[in-house]
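The values are calculated or read from the model by the stated rules, or taken from the named source; none is laboratory data. All figures in this text were calculated on a predicted structure; none of them were measured in a lab. Reconstructed Cβ throughout: ideal geometry from the backbone, glycine too, with neighbour counts over all protein chains shown.
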Amino acid sequence: MKILFAALLAASVTVVFAQSPPEETSVTLAGKTITIHYSAPSVRGRKIFGPGGLLSNDPTYPAWRAGANSATSLHTDADLDIGGLNVPKGDYTIYAWIQDPDNWQLIINKETGQWGLTYNPKMDLGRVKMTMSKPANLIETYKMTLSSTGPKTGLLRLEWEHHIATVPITVK
């Protein structure tokens, strides 16, 4: 019986992670590393954003964990400017304010280690407006990308469904 239970548990965990697998993106700017850990959900024929969308059912809506499962984590080895927000080196949680699906705000939150459906706005370091665009085709699987745009500058890009949101990053 214990072997059967263990096999079923292992299969269940595999299915959960297969639906929203863990992902990582990182970039090195000015010799300092910035890393984000998130889980990547897929659309699977569902409406994601806006009233009646999948995310509107989350208890933290319109704050979204910027992924699935555990809250999305950010680690930076450098002091940063993210879209005009001063972010000291350290660990943070990233959320996106998606009340208006076509105008997102990136939220940098000082609370870390929580499950994704827990959000305490009193712990926000701050929020910044993101630049929005539309992809040519549906983006089935959510993706976050950190990329370099210069020796001390980079870009954070979030893309899913019919939305692409970006914000510039500068190492101070």
query = residue 172: farther than 19 Å from residue 41 by Cα, touching a residue at least 40 places away in the same chain (Cβ under 8 Å) and loosely packed, with under 14 Cβ neighbours inside 10 Å, yes or no?
reply = yes
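Would you mind finding the one in 74, 8 that is modelled with pLDDT under 95 and either under 25 Å from residue 161 (Cβ atoms) or more than 13 Å from the chain's Cα centre (by Cα) (or both)?
Residue meeting the stated conditions: 8.
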task = Spot the failing condition for residue 16; the list is (1) surrounded by 11 or more Cβ atoms within 10 Å (Cβ to Cβ); (2) modelled with pLDDT of 95 or more; (3) not acidic (Asp, Glu), and only one is missed.
result = (2)
task = Check residue 68 against each of (1) surrounded by 18 or more Cβ atoms within 10 Å (Cβ to Cβ); (2) within 18 Å of residue 154 (Cα to Cα) and name the one condition it does not meet.
result = (2)
note = By my count, strands (runs of 3 or more DSSP E) wholly in the range 86-156 with at least 1 residues that are surrounded by 15 or more Cβ atoms within 10 Å (Cβ to Cβ) and aromatic (Phe, Trp, Tyr) are 90-97, 139-148
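Residue-wise test of (1) in contact with a strand residue (DSSP E or B) (Cβ under 6 Å, 6 or more places away or on another chain); (2) closer than 23 Å to residue 40 by Cβ; (3) not hydrophobic (A, V, I, L, M, F, W, C).
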| site | (1), (2), (3) |
| --- | --- |
| 97 | yes, yes, no |
| 101 | no, yes, yes |
| 104 | yes, yes, no |
| 130 | yes, yes, no |
| 136 | no, yes, no |
| 147 | yes, yes, yes |
ask   = Within the range 29-59, restricting attention to residues that are out of contact with any Leu (no Cβ under 9 Å at 6 or more places or on another chain) and hydrophobic (A, V, I, L, M, F, W, C), which residue is surrounded by the fewest Cβ atoms within 10 Å (Cβ to Cβ)?
value = 30
query = With respect to residue 149, is the statement that it is in contact (Cβ under 8 Å) with a residue 60 or more places away in the chain, of a type in the set (Ser, Thr, Tyr) and over 27 Å from residue 53 (Cβ atoms) true?
reply = no
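For residue 74, indicate whether it is in contact (Cβ under 8 Å) with a residue 12 or more places away in the chain, part of a strand (DSSP E or B), of a type in the set (A, V, I, L, M, F, W, C) and in contact with a His (Cβ under 9 Å, 6 or more places away or on another chain). Give the derivation first.
Details: in contact (Cβ under 8 Å) with a residue 12 or more places away in the chain: yes; part of a strand (DSSP E or B): yes; of a type in the set (A, V, I, L, M, F, W, C): yes; in contact with a His (Cβ under 9 Å, 6 or more places away or on another chain): yes.
In short, yes.
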remark   = Taking the range 26-75 and the residues there that are touching a helix residue (DSSP H, G or I) at 6+ places or on another chain (Cβ under 7 Å) and of a type in the set (D, E, K, R), the one that is nearest to residue 100 (Cα to Cα) would be 47
